[in-house]
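Before any comments, here is the structure.
The values are calculated or read from the model by the stated rules, or taken from the named source; none is laboratory data. The structure displayed is predicted, hence computed values, not measured ones. Neighbour counts run over all protein chains shown; Cβ positions are idealised from the backbone, glycine included. The area values use the complete protein model at the heavy-atom level, side chains included, leaving out ligands, DNA and RNA. Shrake-Rupley method; radii C 1.70, N 1.55, O 1.52, S 1.80 Å.
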Amino acid sequence: MRIIDICGVLLAAHVVGCADGSIGDRPATPEPFGSGGSSFGGDPPLPPGAGGSAFPGLGTYDLPLVVATRPPPPLSGGTLLVFDKGHKAAVADPDRDQVVIVDLDQLAVTSTIALQKGDEPGRLVQDGAGSIHVVLRSAGAIASIDPSAGALARRDAVCASPRGIAYDGASDSLLVACAEGRLVTLSAKDGQPTRTVDLPRDLRDVVIDGDHLLISRFRSAELLVVDASGALVSTIRPPPLQSDPAAQLTPAVAWRMMAAPGGGALMVHQQEVVSEVQIRPGGYAGTGCGGGIVQTAVSYLRSDGTGWTKTVASALAIDMAISDGAAPVVYVPSAGTRADAPVKSPIAQLIAVDVSVLAPPATGSPEGGPLPPGVCVPEGTNMPGAPGQIVALGVDALGQPILQTREPFALVVGGKSVALPGESRKDTGHDLFHLATSAGIACASCHPEGHEDGHVWNFAGLGARRTQSIAGGILGTEPFHWNGDMTDFLTLAHHVFNERMLGPSLQDDYVAALAKWIDAIPPSKSGPLANSVAAERGRAVFNSADAACATCHAGTKLTNNITVDVGTGGAFQVPSLRGVAWRAPFMHDGCAKTLADRFDACGGSKHGHVPLDGTTRADLIVYLETL
């Protein structure tokens, strides 16, 4: 038995943990990717690039190599509901497609409700009759559960991509925010739709605030204020933070929004650097505000446009919980357990943020315009965390935080752990993607939920570069980055993850595990077409010799992988158009705020045969929105 040093510990070279928790065999020397073999049991061959020792092991961070047969979905937060006045909890489990009911007083599982494979349960809410309603993110439906019986009552189709949910006791209705831009109202009693309001894309959470609805948008961290008639009356963004001229920040990626005690909403979101970013080793570590180029913030927002923002020293805070006692506190987890955490038993961090002063500042914009810049001083008090990755939070009857961890799958209450049922869903690629490096940033920081943050970065020596989408299958679309300077995933992992992000060095098979997990991320879903006839006309335009769109945007991934100059200031990679409607702003520098803008000033003099007439252009845009 040959012994090698992996992850900083001595391991038998032929033994690796399997996704089901058992121990399986692995060749002492991994077969090169693309050779027809695999170092991961019966899984398909992984992408070219492994088999050597280009990069050393993981140093002092103990991360076993496990590749799940069915890749677990990216983290999204919001999968824990505490009900019955803090004595019970409902745990949505997107990894195993189930909901688990837990008695918090007895610290015992009372029932497990199986859902359909691929449902991906997310946000939960309880109605006035005691039923629990769960958003099924990938199934386009709401599951209604009787927690007393521990049984599924019904499933109701709602929209293509449901995300947030709230209960309106006055009308006994469920309000569902759909990512494609629909706010759907359903009867809590029978699931029948009663109203649909069309809003901008990328909706996330919904909060009832008096006679207004507050609806967050995921990537932009905007807050939409909607009145009782369903009209959009204003749009608010959290105030930006600035510690010094070298660390100007802008709000982004609203992971979670909840109703604040006394009215308004509290939002945990990211702040991202708009000043120049260096592309040297450690360049993503950033300066100021206690973090890297992506940082965590908690904002208090009101429908009149007033509020405040505080920075939080937490990496990848995907959820929050509010203790609304005499002195309200927001609990924020650090889902991205850092790579410099203790060996073998990293403790996920929990931070308490004082939000006892929920009054608006003296100045503000009642019209919903920008608020004055906040003070960039990291806030929060470190609290006892939990072994494993904290993916959701709640508060029990005593006001103490409840932590949902992913691996091990458990609830941690008052320092005691309740094991939750189901096989292990550990996956090294998933772990690495959500791992916060010593620079305080994870892959998921810029690619939330395996997609992208919509941010346009200012890279030193390169200029404006919009974050690229990595969903829909990236392997086979090499080279990577807008300039095509990353020849393969191994090169990208070294220069971006290891160097710029200050992540641990990875052996080739760890890089392959990360690439394989990312490659399985599905593209965003398109909503129902407003005019399918127009979409078919647009398809014909797209494939016509006159428009020549399909010349470059070809094949199943709608790219020919070529780096080409289309008249936009240089040669850039042809991006895939799968899910393109979700990726505003468009082009490498984000100059096109809408798809229509791509055909105007910033479209490029050699970017297809344009201009097209108004009707033809409109049809083409409708078709693009279906991809």
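Summary of computed values
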quantity	calculated
Verdict on Ala550 being without any contact (Cβ under 8 Å) to a residue 12 or more places away in the chain and assigned to a helix (DSSP H, G or I)	yes
Conditions (1) over 19 Å from Val102 (Cβ atoms); (2) surrounded by 23 or more Cβ atoms within 10 Å (Cβ to Cβ): number failed by Arg123	(1)
Breaking point among (1) assigned to a loop (DSSP other than H, G, I, E, B); (2) within 21 Å of Val225 (Cα to Cα), for Ala160	(2)
Residues of region 608-627 that turn out to be open to solvent by 40 Å² or more (accessible area, probe 1.4 Å) and more than 27 Å from the chain's Cα centre (by Cα), as a count	8
Search result, residues across region 182-215 that are over 13 Å from Val226 (Cα atoms) and assigned to a loop (DSSP other than H, G, I, E, B)	Ala188, Lys189, Asp190, Gly191, Gln192, Arg201, Asp202
In region 216-239, the residues that are part of a loop (DSSP other than H, G, I, E, B), among the aliphatic types (A, V, I, L, M) and either within 17 Å of Arg182 (Cβ to Cβ) or open to solvent by 40 Å² or more (accessible area, probe 1.4 Å) (or both)	Ala228, Ala231
Some residue of region 160-176 being open to solvent by less than 10 Å² (accessible area, probe 1.4 Å) and touching a Pro at 6+ places or on another chain (Cβ under 6 Å)	yes
Pairs where the first residue, in region 184-209, is under 17 Å from Ala254 (Cα atoms) and without any contact (Cβ under 8 Å) to a residue 24 or more places away in the chain and the second is open to solvent by less than 10 Å² (accessible area, probe 1.4 Å) and among the polar types (S, T, N, Q), C-beta under 9 Å, 6+ apart	none
Selection count, region 569-594, where residues are modelled with pLDDT under 85 and open to solvent by 30 Å² or more (accessible area, probe 1.4 Å)	2
Residue check for Ala386: more than 24 Å from Leu514 (Cα to Cα) and either modelled with pLDDT of 95 or more or part of a strand (DSSP E or B) (or both)	yes
Subset of region 406-415 that is farther than 12 Å from Pro74 by Cα and either touching a Gly at 6+ places or on another chain (Cβ under 8 Å) or modelled with pLDDT of 90 or more (or both) - its residue that is surrounded by the fewest Cβ atoms within 10 Å (Cβ to Cβ)	Pro408
Residue in region 271-290 that is open to solvent by 30 Å² or more (accessible area, probe 1.4 Å), in contact with a strand residue (DSSP E or B) (Cβ under 9 Å, 6 or more places away or on another chain), of a type in the set (A, V, I, L, M, F, W, C) and not in a loop (DSSP other than H, G, I, E, B) present	no
Residue count, region 571-605 (criterion: without any contact (Cβ under 8 Å) to a residue 24 or more places away in the chain, assigned to a loop (DSSP other than H, G, I, E, B) and in contact with a Phe, Trp or Tyr (Cβ under 9 Å, 6 or more places away or on another chain))	2
Residue, nearest to Glu449 (Cα to Cα), within region 304-328, restricted to residues that are over 16 Å from the mean Cα position of the chain (by Cα) and at pLDDT 90 or above	Ala321
Members of region 401-425 that are without any contact (Cβ under 8 Å) to a residue 60 or more places away in the chain and closer than 22 Å to Met258 by Cα	Thr405, Val412
Qualifying residue in region 521-536 (condition: buried (at least 18 other Cβ atoms within 10 Å of the Cβ), modelled with pLDDT of 85 or more and among the β-branched types (Val, Ile, Thr))	yes
Which numbered condition Val268 fails, given (1) modelled with pLDDT of 95 or more; (2) of a type in the set (A, V, I, L, M); (3) surrounded by fewer than 24 Cβ atoms within 10 Å (Cβ to Cβ)	(3)
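So that you can scan it fast, the table gives a plain yes or no per residue for (1) under 21 Å from Ala179 (Cβ atoms); (2) of a type in the set (A, V, I, L, M):
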{"residue": "Val412", "(1), (2)": "no, yes"}
{"residue": "Leu420", "(1), (2)": "no, yes"}
{"residue": "Arg425", "(1), (2)": "no, no"}
{"residue": "Thr428", "(1), (2)": "no, no"}
{"residue": "His434", "(1), (2)": "yes, no"}
{"residue": "Ala460", "(1), (2)": "no, yes"}
{"residue": "Gln468", "(1), (2)": "yes, no"}
